[in-house]
Each structure stands twice: as C-alpha cells, then as structure tokens.
1. Can you give me the number of residues within the range 369-396 that are assigned to a helix (DSSP H, G or I) and either within 27 Å of residue 308 (Cα to Cα) or without any contact (Cβ under 8 Å) to a residue 24 or more places away in the chain (or both)?
2. Which condition does residue 210 not pass, out of (1) part of a strand (DSSP E or B); (2) surrounded by 18 or more Cβ atoms within 10 Å (Cβ to Cβ); (3) more than 20 Å from the chain's Cα centre (by Cα), if it passes all the others?
3. So which residues in the range 78-98 are in contact with a strand residue (DSSP E or B) (Cβ under 6 Å, 6 or more places away or on another chain) and not in a loop (DSSP other than H, G, I, E, B)?
4. Regarding the range 67-78, can at least one residue be identified that is surrounded by fewer than 22 Cβ atoms within 10 Å (Cβ to Cβ) and within 29 Å of residue 235 (Cβ to Cβ)?
5. Of all residues in the range 193-207, how many are within 21 Å of residue 102 (Cα to Cα) and surrounded by fewer than 19 Cβ atoms within 10 Å (Cβ to Cβ)?
6. Of the numbered conditions (1) touching a strand residue (DSSP E or B) at 6+ places or on another chain (Cβ under 7 Å); (2) in a loop (DSSP other than H, G, I, E, B); (3) under 24 Å from residue 353 (Cβ atoms), residue 199 satisfies every one except a single condition; which is it?
7. Could you say which residue among 21, 33 is at pLDDT 90 or above and either crowded, with 18+ Cβ neighbours inside 10 Å or under 17 Å from residue 319 (Cβ atoms) (or both)?
8. Kindly provide the set of residues from the range 260-278 that are within 16 Å of residue 310 (Cα to Cα) and more than 13 Å from the chain's Cα centre (by Cα), ordered by number.
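The values are calculated or read from the model by the stated rules, or taken from the named source; none is laboratory data. None of the values given here were measured: they were computed from a predicted structure. Heads up, the Cβs are rebuilt from the backbone with ideal geometry, glycines too, and the neighbour counts pull from every protein chain shown.
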C-alpha cells in the first residue's frame with residue numbers, strides 16, 4: 001500500500017462532504033430514503049422531475065418524464081467510498097417517493113410510499129431485502145390481519161420482534177395512527193387509530209419518530225399547508241397505550257434563548273450517550289423557509305440545544321439521514337433552494353455526533369491516507385495487523 005499523502009484531521013461536529021470514488025453514483029433526488037449499518041449506506045427510490053434528458057437512458061433507464069421516479073437501490077461503501085447500483089429485478093415497487101425505510105439486522109425494511117402523481121397510488125406492502133450484493137430480488141412479506149391503508153410520508157421502526165408504522169397521508173387525509181406487524185406471526189394489528197379525541201396528535205406526514213424504551217416520540221411533520229412545532233412533541237407509550245404532549249425546554253445556553261422552529265421534511269437520528277439518548281434534527285421546511293440548522297434534543301431532560309458550529313452548507317429538505325452505531329451521521333440528497341428556483345442534490349454529507357473510540361479515528365485516518373486499500377486482498381490486510389472487523393467493512 002502506498003500513501004496518498006493527504007492531510008487528515010478528525011473534526012467532530014463539523015459537517016463535511018464525502019468524496020465519492022466510484023464512476024457511477026445516484027442522480028440528484030428528493031423523497032428517497034437512506035438507512036445504514038457500519039459497512040454501507042443504502043439509498044432507495046426518490047424523485048426528480050427535472051433530470052436532464054441526455055442523462056436519462058445512460059444513467060436511469062427506468063426514469064421517464066411521465067414517471068420521474070428512481071426504480072433503484074444503491075449502496076455506498078463507507079470504507080471505500082464507492083457507490084454500487086444493485087440490479088433488483090423482482091418485486092420492485094412502483095411507489096418510490098416518500099416511502100419509509102429502516103434496517104433490522106442484515107435486512108432492509110421498506111414500506112409505503114407513493115407513485116407519481118403523488119397520492120394517485122400508495123403502497124402498504126412490507127418489503128425486505130437481504131443486504132447482499134448478489135441478491136436480485138425484494139421479498140414482499142405475506143401478511144394477514146387488518147393492514148394499514150396505503151400511504152406515504154410515514155415513519156417506521158422495528159422493536160421487540162415487531163414492525164411499526166406511524167402516521168402518513170394518502171394525499172388528502174393525514175393521521176397519526178400506529179399499526180404493528182408481528183414479525184413472528186406476520187399478523188397486522190392496530191395499536192392506535194385516531195378518533196379525533198382531545199389529547200391525541202394532529203395527523204401528519206414527513207415527521208420523524210424516536211424510540212426510547214417503550215415510548216415513541218413524534219418529531220415535527222406536517223400537512224400540505226402546515227408544519228408542526230418541535231416545542232410540542234407527541235409521545236405514545238406502548239405500555240400504557242396513551243398519548244402525552246411533551247413540552248421540551250428551549251436552548252437557554254446563549255445570550256438570547258432560542259428554540260427550533262416548526263418543520264416537516266427534515267431528518268432525525270438518535271444515538272446513545274453516557275448522558276442518555278440524544279436526538280439530532282437536521283434541516284427541513286415550514287412551507288415557507290428552508291432550514292440549514294441542526295438541533296440536539298436530550299430526551300432525559302427534554303432540552304433542545306442548537307448546534308451552533310454544526311450547520312448544513314445549504315438549507316435542505318426532503319433529504320434523508322442515517323447514523324452508524326459509532327455515532328457518524330450521513331445525510332444524502334434533498335432539495336436546496338437556489339434564488340428563485342430549487343434544485344435537487346446528490347451530495348453525501350457526514351458529521352460525527354460524538355467522540356468515537358480511538359480505533360475508529362485511526363481507521364478513518366488510514367482510509368484517508370490509503371484510499372485504494374479496498375484493492376488489497378483480505379489476507380494481506382489481516383497480516384499487517386488490521387483488526388478483522390475493520391477488514392470486514394472493506395471486504396464484506
């Protein structure tokens with residue numbers, strides 16, 4: 001191995017653009033979803049009505065002006081910084097915008113979404129994909145029970161052997177209903193279906209959900225006309241089956257107290273720290289303004305903190321974010337406002353949300369100094385003393 005000679009400086013809480021070292025990469029898009037493990041970032045679907053015609057056939061054979069959706073699944077190797085387009089030929093859905101995606105073990109879980117025009121057709125299949133380069137098909141789970149209606153803009157999560165979906169819209173009506181699919185019996189059941197009673201949250205889409213223990217926190221979201229406050233957070237307790245409106249404290253660490261503005265189409269991730277679960281909310285829009293701020297919410301004391309030194313290079317919404325187990329958040333795609341128009345992006349950003357183990361910092365430095373390390377065979381890397389779990393990230 002020979003060094004590239006590039007300087008390296010570990011800078012937590014600073015957003016940087018990730019260099020792409022592959023020839024092919026996803027085209028600019030919004031309404032997609034990403035998820036990640038410690039090896040790869042996965043990007044599914046998305047929307048772009050303004051793709052240049054001279055790039056359609058070469059880069060996106062499934063994209064058409066009449067159906068401007070990306071029927072694609074990409075993965076990005078965090079170690080080699082290379083994108084791979086996976087040739088999924090079976091059970092690829094038509095609902096490719098504002099779906100929801102998460103990871104459960106070694107599987108991607110994809111749910112809901114809409115085709116174009118939005119709301120004309122919405123999905124309610126639970127689709128899985130084994131994170132394997134050679135797997136050319138999605139699996140549509142064979143389920144029974146009262147399925148949730150087809151929607152888009154919902155949030156999903158996996159917890160305690162079950163798959164949950166929260167909220168969403170069919171393009172006309174909005175809800176904050178909760179449904180659960182038991183992944184052992186494959187039976188759907190409603191957990192909470194709104195009746196309009198006092199105390200239940202207003203229906204919404206493009207919100208984010210955070211789980212701490214048996215409690216689900218609904219962060220923001222909105223409707224076509226409205227965006228909801230981040231100073232009022234609906235919390236559903238899975239044990240007591242009740243809603244509570246949490247009222248977090250504003251950031252009073254500066255000269256003037258500040259609080260996050262209402263927003264939808266933002267992103268949020270959570271990490272565990274010694275002081276408890278921390279939630280990071282990035283970007284979004286209130287329907288008029290687009291934000292480039294990042295806020296941290298400490299769940300233990302429900303206190304917001306503005307990340308003053310952690311700011312997106314451009315205001316951004318309809319993007320997607322994911323975080324590794326060691327605390328590095330990645331943000332991909334979305335819409336940037338530019339003067340009198342908007343444009344979609346395919347930039348991948350990263351930011352360390354905590355100080356990781358020294359071994360992670362050393363590994364990142366090695367990848368910076370030796371960018372072609374993925375071309376070195378596995379046994380050679382092991383022989384020079386690189387720990388096996390890092391070699392696995394290069395050679396899955």
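1. To start, the set of residues in the range 369-396 that are assigned to a helix (DSSP H, G or I) comprises 369, 373-375, 378-383, 388-394.
Then drop every residue that is not either within 27 Å of residue 308 (Cα to Cα) or without any contact (Cβ under 8 Å) to a residue 24 or more places away in the chain (or both), which leaves 375, 378-383, 388-389, 391.
Here the count works out to 10.
2. If we test residue 210 against (1) part of a strand (DSSP E or B); (2) surrounded by 18 or more Cβ atoms within 10 Å (Cβ to Cβ); (3) more than 20 Å from the chain's Cα centre (by Cα), just (3) comes out false.
3. Hits for the range 78-98 are 83, 84, 85, 86, 90, 97.
4. Scanning the range 67-78 turns up no residue that is surrounded by fewer than 22 Cβ atoms within 10 Å (Cβ to Cβ) and within 29 Å of residue 235 (Cβ to Cβ).
5. Of the residues in the range 193-207, the ones within 21 Å of residue 102 (Cα to Cα) are 204-207.
If we keep only those that are surrounded by fewer than 19 Cβ atoms within 10 Å (Cβ to Cβ) too, we end up with none.
Looking only at that region, the number is 0.
6. Of the numbered conditions (1) touching a strand residue (DSSP E or B) at 6+ places or on another chain (Cβ under 7 Å); (2) in a loop (DSSP other than H, G, I, E, B); (3) under 24 Å from residue 353 (Cβ atoms), the odd one out for residue 199 is (3).
7. Values: 21 fails: either crowded, with 18+ Cβ neighbours inside 10 Å or under 17 Å from residue 319 (Cβ atoms) (or both).
None of the others qualify; the one that does is 33.
8. 260, 278
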